[in-house]
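Asks: Next up is a structure, given as structure tokens.
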Amino acid sequence: MALVRYGTATGRWVLLATVLGSSLAFIDATVVNIALPAIGRDLGADAAGLQWTVNGYGLSLAALVLLGGALGDRYGRRRIFQLGVAWFAASSLLCGLAPTTELLIVARVLQGMGGALLTPGALAILEASFVRQDRSRAIGAWSGLAGIGGALGPFLGGWLVQLGSWRLIFLINVPLALAVLAVTARHVPESRDTTVTGRGVDLAGVLTGAAGLGGLTYGFTAWPERGADSPVVLASLAVGIAGLIAFVLVERRVAHPMLPLDVFASRAFSAANVVTFLVYAANGGVFFLVVLNLQVVAGFPPLAAGIALLPVTVLMLLLSARAGMLAQRIGPRIPMTVGPLVCAAALAWLSAIGPGASYTVDVLPPVVLFGLGLAMLVAPLTATALGALGDTRAGIASGVNNAVARAAGLLSVAVLPLAAGIGGGSLTDPVALHPTYRTALLISAGLMVVGAAVAAVFVPRRLHEATPEAAGTPETPVRSFCDPAGPPRHPTPEHV
């Protein structure tokens, strides 16, 4: 099937399907938090049970998102995306009907698996469906629109819990997922990497990769609760490290690896993922600690603290597509360097929030600055990570980038408070939290600065400088692999 243009009817349907599908996963990453008290009362869950109601989802998502990208490349990105959406709907139904905390946690883990299938598929579909000159704009629009899902989580969760029951926050996913499946089946073109069709799944890579990411994520998540000397924490971290080492060894030797290590020969791809890790590690701590500090130290009500960062989402929605178009014209290096520096300045400013802070004077200005920095950064960063490997490896590129982002966010929530000196009990003590919150925000600002330095040195000025075979030229147009039944072909003039 020929590639589509941004702004056409087909392009709008493709964007709608990927945005709605991604929003399912984004909303469920945040919506559960506000329902935890109601879940605890209804199911009699203790603190550990509530913690793993949240973390079980993120753990399975981080551990398996790389597999989701590889499966999409191999068996069809639309097919795996649809499978992920259907899986997510079924597990959401199980969450909504769960009679015990234990079954709810299991269902949340299953939800994360569904999210791991659909999330990289959404980005890979965008990369493989749009003509190259429109991809940054499409990814920018996706970034802004899908980001609304995460921001709407607290509002939606509070409204549904107040309306009737916490179970509605899961059950509402079912009709939304059915709508996504209908739009996808009718309007989204299929695409895959024809060079891997018919090969078996790299089972050893799947198992070692999941063990590595899952072990590290579980270990660092359990660290604050159990302590650094806990046998469970030490064993989990050891399994994680051993799993990642084994994963690299397996992928070097297996005939058809899930993650061909030669993808990292692309300087643009490697640099984009290093920047992703640094930026999302900073973001993970920011979105957790700022809201916490506003409530515990500054005395904001929970709802006011929850909406304090809403301007970030609004700015992402308004500016991400424009940032993608700008990066298309001037190249990714400048926005990927300037964006993190703007974010770093905003985080240093946010670190000063203390007792008696005013939202309009002390919170809103740095939040707006932070949103501007992210809007400048995210679309070029994502477009670079996906575009560096070309059309045929869009699923691998998306899976790696998503795995890096998810793992960074999960690890930072556990590691950043520890690095800043925040103990388990001090999270609710304003006297203890205030100075360590400042330290944590400054560490996050430092991560942003390092990310900017990596981008300035290693991200190419123009993406085609690193991957001329992927970018195409007027003399040699971009080749498309979007038709799984036919050979690669050039786009027709009306689609370029």
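The values are calculated or read from the model by the stated rules, or taken from the named source; none is laboratory data. The structure displayed is predicted, hence computed values, not measured ones. Counting neighbours? That spans all protein chains shown, and the Cβs are built from the backbone with ideal geometry, glycine included.
Asks: Which is closer than 16 Å to L66 by Cβ and either under 23 Å from the mean Cα position of the chain (by Cα) or outside the structural domain of G49 (by TED's automatic domain parsing) (or both), of F277, F288, F300?
Replies: On the way: F288 fails: closer than 16 Å to L66 by Cβ; F300 fails: closer than 16 Å to L66 by Cβ.
Testing whether each residue is closer than 16 Å to L66 by Cβ and either under 23 Å from the mean Cα position of the chain (by Cα) or outside the structural domain of G49 (by TED's automatic domain parsing) (or both) leaves just F277.
Asks: Restricting the range 239-264 to residues that are among the charged types (D, E, K, R) and modelled with pLDDT of 85 or more, which is surrounded by the most Cβ atoms within 10 Å (Cβ to Cβ)?
Replies: Ranking the qualifying residues of the range 239-264, first place goes to E251.
Asks: Please verify whether V174 is under 22 Å from the mean Cα position of the chain (by Cα), modelled with pLDDT of 90 or more and surrounded by 14 or more Cβ atoms within 10 Å (Cβ to Cβ), treating the condition exactly as stated. Please lay out each step first, then the result.
Replies: On the way: under 22 Å from the mean Cα position of the chain (by Cα): yes; modelled with pLDDT of 90 or more: yes; surrounded by 14 or more Cβ atoms within 10 Å (Cβ to Cβ): yes.
So V174 fits the description; yes.
Asks: May I pose another question? Just to be sure I understand, how many residues within the range 289-309 are buried (at least 16 other Cβ atoms within 10 Å of the Cβ) and either acidic (D, E) or touching a helix residue (DSSP H, G or I) at 6+ places or on another chain (Cβ under 7 Å) (or both)?
Replies: Qualifying residue count for the region: 14.
Asks: Filter the range 88-97 for residues that are touching a residue at least 60 places away in the same chain (Cβ under 8 Å) and either buried (at least 19 other Cβ atoms within 10 Å of the Cβ) or outside any helix (DSSP H, G or I) (or both); which is nearest to the chain's Cα centre (by Cα)?
Replies: F88
Asks: Return yes or no: is L103 of a type outside the set (G, A, S) and without any contact (Cβ under 8 Å) to a residue 12 or more places away in the chain?
Replies: Numbers: of a type outside the set (G, A, S): yes; without any contact (Cβ under 8 Å) to a residue 12 or more places away in the chain: yes.
Yes: the conditions hold for L103.
Asks: Next question, about the same structure. Would you say A403 is over 19 Å from G140 (Cα atoms) and outside any helix (DSSP H, G or I)?
Replies: Details: over 19 Å from G140 (Cα atoms): yes; outside any helix (DSSP H, G or I): no.
For A403, the condition - over 19 Å from G140 (Cα atoms) and outside any helix (DSSP H, G or I) - is not met.
Asks: Can you list residue pairs whose Cβ atoms sit under 9 Å apart, with the first residue in the range 305-318 being within 21 Å of R137 (Cβ to Cβ) and the second being hydroxyl-bearing (S, T, Y) and buried (at least 19 other Cβ atoms within 10 Å of the Cβ)? Count only pairs 6 or more apart in sequence or on different chains.
Replies: From the range 305-318, the pairs are M316/S143; L317/S143.
Asks: Of the residues that sit in the range 51-87 and are without any contact (Cβ under 8 Å) to a residue 60 or more places away in the chain and not aliphatic (A, V, I, L, M), which one is surrounded by the most Cβ atoms within 10 Å (Cβ to Cβ)?
Replies: Ranking the candidates gives Y57 first.
Asks: Additional query: Is it true that A116 is in contact with a helix residue (DSSP H, G or I) (Cβ under 6 Å, 6 or more places away or on another chain), not assigned by TED's automatic domain parsing to the domain that holds G219 and not in a helix (DSSP H, G or I)? Before the answer, list the steps.
Replies: On the way: in contact with a helix residue (DSSP H, G or I) (Cβ under 6 Å, 6 or more places away or on another chain): yes; not assigned by TED's automatic domain parsing to the domain that holds G219: yes; not in a helix (DSSP H, G or I): no.
No, not satisfied.
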